[in-house]
Every structure is written in structure tokens, then in C-alpha cells.
Amino acid sequence: MNRSVNILLLVISFPAMFFTIYVSSDLPLTFLNTTAGALPYKDTVFWVFAGLMLILAGRRSVSRWVGVGMLRKPERFDWSKPIGKERKRQVRMYLLLEAAVALGFLLTCYIMTRDSLPLQITYGLLCIDQLIFFFIANSWYRVGITQKALVVADREVRVLYFSGLRRVEVQQQTIYFEYIEDLQLSFPINCIAKEDLASFREALESKLNRDKVYFSKKFKDLV
């Protein structure tokens, strides 16, 4: 979800920044007998862009907090371990990069024109949300297994259900869950600490019917 939200935020940000530059340049609009800076309903356009981004970022934020909050109670899971240190470092870097990008857009909008206040507020909230999650939820990232699903929660939440699962395999540092009807879900193998790989494999296999689910050799060799 995090990747798709980031892509959508960028898709919205490009026309939003183009409109910001257009308004700040105050180019003449002869067919409307006005200029870009005096364009009617320009505030509405800014608020529409800002609103779309806030909806997307809000959904992502809620999903993150609910996911890490759920895994903070390991007693709810049959197997639960903190996320691997390597993955944790990656998550920290990604969060800081996302915060820096939001801050960059904020400063650009501020420098271009004060009319872009809705966008400035939105990018400011995006930056603050990333930093709050970075500092508060840093120790909450975990991986957990229940009777029905595998849950991975860090900067994004992945729920991989066991229903309909047909194959589990490892390829290029990624664990893939392949389901009926060609559905495939995955998560990075470094989400699991090296010292927990063996217990993770055993816990996962114990929840699945080995006559119906195929485990690749690379997965079985996890230690």
C-alpha cells in the first residue's frame, strides 16, 4: 500500500506543482481577460489538490498505526518477533526520505506563491506524519503469525492470509505467497531477523496443510 500511495501522491503533486508555477508566474490569459495570478477559483483548485493528497496520506497513516498497534500485543499471536535490524534501518531511511521530499515540496510552494497555502499545509502534515511515525513507532515494528494469516507491520502493513494459499517460495531476498487464481503477495525476507528465520519457518509450516501447500527448497533451507 505504501508504494502505491507514494506513486499516487506524486501523480497528484506534478499537476499541483505545475499549477503553482503557473499561478506564481502570473502569465496573461487573454481568452479570460485576466492573468494566472488573478485566475477565478484558483483557491478551490489548490484545495482540491490538497484534499486528494490528504485523503491518500490519511488512509496510509491510519493503516500504519493500526498495524503496528495490533502487533504491539504479541500475546495475540502464536508467533511474534521484532522486525530484523537490516529492514529496520531501511524503514528509517525511507521515512526520512519521504519526509524530506514532502518538506522540499512545501518549501517550493512557499517560495513560488503564498496562494498555495493549502498545498503548504498538506505537505507540512505529510512531513510531520512521517517524522512522528519515525520517532514513536520505531520500536513497534514486528512480524506475527496467527491461525489465519501472517502479518508484517513497519512503514506499511502486509496481511498474507493462509486461505487459498498454494505455494511458498523464496526468490531474490523476497518471500512469495502464491494463491489460487494467480494472486501473488510478498514481503522482504529481511523483515525477519536471521536468528528468527528457523522458528519463523517452523511456525508458518505448522499453520499450513503441507499436502496442499508447496514449500520451495530455498524456503525449507531457511535457518
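A count restricted to segment 146-178 and to residues that are part of a loop (DSSP other than H, G, I, E, B) and either over 17 Å from the mean Cα position of the chain (by Cα) or at pLDDT 95 or above (or both) stands at 8.
Residue-level analysis places residue 50 outside the set of residues that are modelled with pLDDT under 95, in contact with a helix residue (DSSP H, G or I) (Cβ under 9 Å, 6 or more places away or on another chain) and surrounded by 18 or more Cβ atoms within 10 Å (Cβ to Cβ). Being farther than 17 Å from residue 174 by Cα and surrounded by 13 or more Cβ atoms within 10 Å (Cβ to Cβ) is the filter here, so list the residues in segment 206-223 that pass it. Once the filter is applied, which keeps residues that are farther than 17 Å from residue 174 by Cα and surrounded by 13 or more Cβ atoms within 10 Å (Cβ to Cβ), segment 206-223 yields 207, 208, 213. Residue 157 meets the stated requirement of being of a type in the set (A, V, I, L, M, F, W, C), closer than 29 Å to residue 182 by Cα, surrounded by fewer than 21 Cβ atoms within 10 Å (Cβ to Cβ) and in contact (Cβ under 8 Å) with a residue 40 or more places away in the chain. Residue 143 satisfies every condition listed in (1) closer than 30 Å to residue 206 by Cβ; (2) outside any strand (DSSP E or B) except (2).
In segment 74-101, how many are over 18 Å from residue 7 (Cβ atoms), hydrophobic (A, V, I, L, M, F, W, C) and touching a residue at least 40 places away in the same chain (Cβ under 8 Å)? Count: 4. The single residue among 71, 119, 126 that is surrounded by 17 or more Cβ atoms within 10 Å (Cβ to Cβ), outside the structural domain of residue 159 (by TED's automatic domain parsing) and modelled with pLDDT under 95 turns out to be 71.
Sub-9 Å Cβ pairs linking a first residue in segment 167-184 that is within 12 Å of residue 212 (Cβ to Cβ) to a second residue that is among the β-branched types (Val, Ile, Thr), at least 6 apart or interchain, are 167/213; 168/175; 168/213, ordered by first then second residue. Consider segment 180-197 and keep the residues that are over 23 Å from the mean Cα position of the chain (by Cα) and surrounded by 13 or more Cβ atoms within 10 Å (Cβ to Cβ). The one that is farthest from residue 148 (Cα to Cα) is 194. For segment 80-94, does any single residue satisfy the condition of being more than 30 Å from residue 207 (Cα to Cα) and either of a type in the set (Val, Ile, Thr) or touching a helix residue (DSSP H, G or I) at 6+ places or on another chain (Cβ under 9 Å) (or both)? Yes, there is a match, as at least one residue in segment 80-94 is more than 30 Å from residue 207 (Cα to Cα) and either of a type in the set (Val, Ile, Thr) or touching a helix residue (DSSP H, G or I) at 6+ places or on another chain (Cβ under 9 Å) (or both). Is it the case, given these coordinates, that residue 209 is polar (S, T, N, Q) and either without any contact (Cβ under 8 Å) to a residue 40 or more places away in the chain or part of a strand (DSSP E or B) (or both)? Spelling it out, residue 209 is indeed polar (S, T, N, Q) and either without any contact (Cβ under 8 Å) to a residue 40 or more places away in the chain or part of a strand (DSSP E or B) (or both). Could you look through segment 67-95, keep only residues that are in contact with a Gly (Cβ under 6 Å, 6 or more places away or on another chain) and not aliphatic (A, V, I, L, M), and pick out the one that is farthest from residue 190 (Cα to Cα)? The extreme case among them is 77.
The values are calculated or read from the model by the stated rules, or taken from the named source; none is laboratory data. All values reported here derive from a predicted model rather than from experimental measurement. Don't worry about glycine lacking a Cβ; one is built from the backbone with ideal geometry, like all the others, and counts go over all protein chains shown.
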